[in-house]
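Enquirer: The following block contains the structure, expressed as structure tokens.
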Amino acid sequence: MSDIIKWQYQQKLITADQAAQLVKSGDMVQYSEFAMFPNILDEALAKRIDELENVNIRSISFTQVPKPVAADPERRHFFMEDYHFSAVSRHLHDQDLCNYIPFTYHQGPRAIRKYVDIDVSFIMVGAMDARGFFNLGTSNSVTPAALDKSKIIVLEVNESVPLCLGGNQESIHLSSVDFIVEGDNRPLIQLPKVPTTATDEKIAAIIMEEIEDGSCLQLGIGGLPNAVGELIAKSDLKDLGVHTEMLVDSYVDLYNQGMISGARKTIDKNKMVYTFAMGTNKVYDFLDNNPFCASYPANYTNDPRIIGLNDKVVAINNCLEVDLFTQVCSESAGTRQISGTGGQLDFIFGAFNSHGGKGLICMNSTYTDKKGQMHSRIKPTLSPGAIVTVPRSMNQYIVTEYGIAQFKGKSTWQRAEALIGIAHPDFRDDLIKAAQEMKIWRATNKID
């Protein structure tokens with residue numbers, strides 16, 4: 001590292017309390033995303049609660065409660081907004097302490113550059129390298145766009161952050177930074193493995209029939225993706241590729257078993273492409289300075305035109321409910337915000353564009369409420385207030401433990417028939433009656 005770079009670094013070095021003083025009433029403050037939560041800067045900002053009003057704090061998927069928000073339960077000083085709800089944001093939303101920002105993930109960077117003005121960005125990064133670059137670590141999806149729109153950029157340096165190679169826009173140079181705060185190097189958040197259920201395993205077994213040698217995978221996190229990963233690991237599949245939104249532990253397991261090579265990908269050959277990563281140290285250690293992995297902003301990873309350039313894309317996503325018109329809700333329970341649109345729509349669209357691609361929406365056919373009563377997730381119409389995540393015109397496949405249904409090229413009655421065929425048997429008669437009343441059923445229809 002040259003003396004001039006060292007000197008420039010020292011000139012921009014301030015304390016967290018000094019950084020918090022840069023925030024003024026009425027400001028928009030952008031935090032870094034997901035596992036890259038800026039801990040020290042957040043704590044310093046909370047100390048100024050009595051001095052500030054109408055400060056808006058934004059991020060994607062908060063992994064912990066911002067301390068300014070926790071200290072302001074009446075929401076007089078700080079407003080929290082999230083581009084993709086986590087459990088943290090969902091809990092705060094239930095207390096009227098957080099709002100969702102609707103957006104389609106691949107459009108996120110462009111939307112920020114066009115329409116969002118950011119006064120101060122608090123961004124956690126890895127340690128500066130010899131050339132003066134700070135790596136954005138595990139979260140690259142909209143942070144580059146936020147940095148482009150920020151009037152003041154403050155970096156919180158954390159030496160625990162893995163060096164995540166690009167791709168592109170995975171780093172920011174010292175010359176583009178206003179101030180630097182050295183953090184306490186605390187480890188990144190650890191997400192424990194979600195256990196799989198017997199139903200997950202049934203759905204995973206159906207999904208496995210759709211995966212071939214050379215398939216390019218997009219998996220999320222949770223019991224079902226874990227079940228799929230476990231079945232793939234037991235199979236003889238080979239030359240799998242990865243082009244995903246979220247990189248999780250299960251990909252590491254498949255790579256270590258020699259099942260992921262990326263050799264048959266059309267673009268980013270021999271690379272695992274992602275826009276953010278979250279899991280345990282297994283995935284963080286795997287990413288560190290690993291040239292097999294490529295971090296890109298979401299306007300690349302999630303662009304349906306880019307996704308579709310690879311052959312045999314298999315996109316596996318979950319939903320909360322689907323109606324007989326095949327509209328998919330994946331982000332709300334009625335009016336209660338559960339998650340966000342995220343990249344689900346991007347990958348369903350992109351997988352359809354892919355030669356041999358399949359966009360799979362997966363769900364347990366039923367759920368049980370707090371009173372122990374079972375309900376169907378396949379409904380005549382979506383629950384009042386439910387948000388449509390994937391419109392019927394773009395829906396390709398639905399998978400439950402009772403089978404798989406494809407909807408492209410099918411009329412409303414054909415869709416209803418196919419969907420009822422994979423509903424829980426206890427609810428099929430009622431669904432048929434509802435379809436008849438809505439005139440999307442033919443008398444000749446038969447459900448086994």
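The values are calculated or read from the model by the stated rules, or taken from the named source; none is laboratory data. What you see is a predicted model, and the numbers here were worked out from it, not measured in a lab. Neighbour counts are summed over all protein chains in view; Cβ atoms, including those assigned to glycine, are modelled from backbone coordinates with ideal geometry.
Enquirer: Within region 6-14, identify whether any single residue is of a type in the set (Phe, Trp, Tyr), touching a helix residue (DSSP H, G or I) at 6+ places or on another chain (Cβ under 8 Å) and more than 19 Å from residue 70 (Cβ to Cβ), and answer yes or no.
Expert: Yes.
Enquirer: While we're on this one: Any residue at all in region 71-92 that is at pLDDT 95 or above, polar (S, T, N, Q) and surrounded by fewer than 20 Cβ atoms within 10 Å (Cβ to Cβ)?
Expert: No, every residue in region 71-92 fails to be at pLDDT 95 or above, polar (S, T, N, Q) and surrounded by fewer than 20 Cβ atoms within 10 Å (Cβ to Cβ).
Enquirer: Something else now. Mind listing just one residue for me: the one in region 14-38 that is within 23 Å of residue 149 (Cβ to Cβ) and acidic (Asp, Glu) and, of those, surrounded by the most Cβ atoms within 10 Å (Cβ to Cβ)?
Expert: Within region 14-38, the match that is surrounded by the most Cβ atoms within 10 Å (Cβ to Cβ) is 33.
Enquirer: Find all pairs meeting these conditions: Cβ atoms under 8 angstrom apart; at least six residues apart or on different chains; first residue within region 403-422 and within 20 Å of residue 314 (Cβ to Cβ) and of a type in the set (Gly, Ala, Ser); second residue at pLDDT 95 or above and part of a loop (DSSP other than H, G, I, E, B).
Expert: Every condition considered, the pairs that remain are 403/421; 403/422; 405/421; 405/422; 418/407; 418/410.
Enquirer: Every residue in region 154-199 that is more than 30 Å from residue 365 (Cα to Cα) and among the small types (Gly, Ala, Ser), please.
Expert: 160, 166, 167, 171, 175, 176, 183
Enquirer: Across region 178-202, which residue is surrounded by the fewest Cβ atoms within 10 Å (Cβ to Cβ) among those that are at pLDDT below 95 and of a type in the set (A, V, I, L, M)?
Expert: 198
Enquirer: If you check residue 353 against the conditions, is it closer than 20 Å to residue 206 by Cβ, touching a residue at least 24 places away in the same chain (Cβ under 8 Å) and of a type in the set (S, T, N, Q)?
Expert: Answer is no for this residue.
Enquirer: Still on this structure: Sort out for me the strands (runs of 3 or more DSSP E) sitting completely within region 245-338 that have 3 or more residues that are free of Cβ contacts under 8 Å to residues at least 12 places away in the same chain and not aliphatic (A, V, I, L, M).
Expert: none
Enquirer: Can you name every residue in region 381-401 that is over 13 Å from residue 328 (Cα atoms) and either among the acidic types (Asp, Glu) or in contact with a helix residue (DSSP H, G or I) (Cβ under 8 Å, 6 or more places away or on another chain) (or both)?
Expert: Answer for region 381-401, where residues must be over 13 Å from residue 328 (Cα atoms) and either among the acidic types (Asp, Glu) or in contact with a helix residue (DSSP H, G or I) (Cβ under 8 Å, 6 or more places away or on another chain) (or both): 400, 401.
Enquirer: Are there any pairs with C-beta distances below 9 angstrom linking a residue in region 183-210 that is free of Cβ contacts under 8 Å to residues at least 40 places away in the same chain and closer than 25 Å to residue 240 by Cα to a residue that is part of a loop (DSSP other than H, G, I, E, B) and aliphatic (A, V, I, L, M), with the two at least 6 apart or on different chains, and if so which?
Expert: Pairs found: 194/221; 208/237.
Enquirer: Can you list the strands (runs of 3 or more DSSP E) lying wholly within region 61-135 that have 2 or more residues being free of Cβ contacts under 8 Å to residues at least 40 places away in the same chain, in contact with a Pro (Cβ under 7 Å, 6 or more places away or on another chain) and in the same structural domain as residue 37 (by TED's automatic domain parsing)?
Expert: Output list reads 78-82.
Enquirer: So, in region 184-207, of the ones that are in a loop (DSSP other than H, G, I, E, B) and over 19 Å from residue 278 (Cβ atoms), which residue ends up farthest from the chain's Cα centre (by Cα)?
Expert: The residue in question is 184.
Enquirer: Based on this model, can you work out whether residue 210 counts as among the charged types (D, E, K, R), buried (at least 18 other Cβ atoms within 10 Å of the Cβ) and not in a helix (DSSP H, G or I)?
Expert: no
Enquirer: Okay, moving on. Hey, any hits in region 4-13 for a residue that's closer than 30 Å to residue 248 by Cα and either of a type in the set (Val, Ile, Thr) or surrounded by 18 or more Cβ atoms within 10 Å (Cβ to Cβ) (or both)?
Expert: No, region 4-13 contains no residue that is closer than 30 Å to residue 248 by Cα and either of a type in the set (Val, Ile, Thr) or surrounded by 18 or more Cβ atoms within 10 Å (Cβ to Cβ) (or both).
Enquirer: Give me the residue from region 3-25 that is part of a loop (DSSP other than H, G, I, E, B) and without any contact (Cβ under 8 Å) to a residue 40 or more places away in the chain and, out of that set, nearest to residue 158 (Cα to Cα).
Expert: 21
Enquirer: Identify, from the list 141, 215, the residue that is farther than 21 Å from residue 127 by Cα, buried (at least 21 other Cβ atoms within 10 Å of the Cβ) and modelled with pLDDT of 95 or more.
Expert: 215
Enquirer: Here's a follow-up. Residues that are among the hydroxyl-bearing types (Ser, Thr, Tyr) and either closer than 21 Å to residue 331 by Cα or at pLDDT 95 or above (or both): does region 412-419 have at least one?
Expert: yes
Enquirer: Looking at 41, 45 in this structure, which one is crowded, with 18+ Cβ neighbours inside 10 Å, assigned to a helix (DSSP H, G or I) and touching an Asp or Glu at 6+ places or on another chain (Cβ under 6 Å)?
Expert: 41
Enquirer: Still on this structure: Among the residues of region 230-248, count how many are surrounded by 22 or more Cβ atoms within 10 Å (Cβ to Cβ) and farther than 16 Å from residue 291 by Cα.
Expert: So the count comes out to 6.
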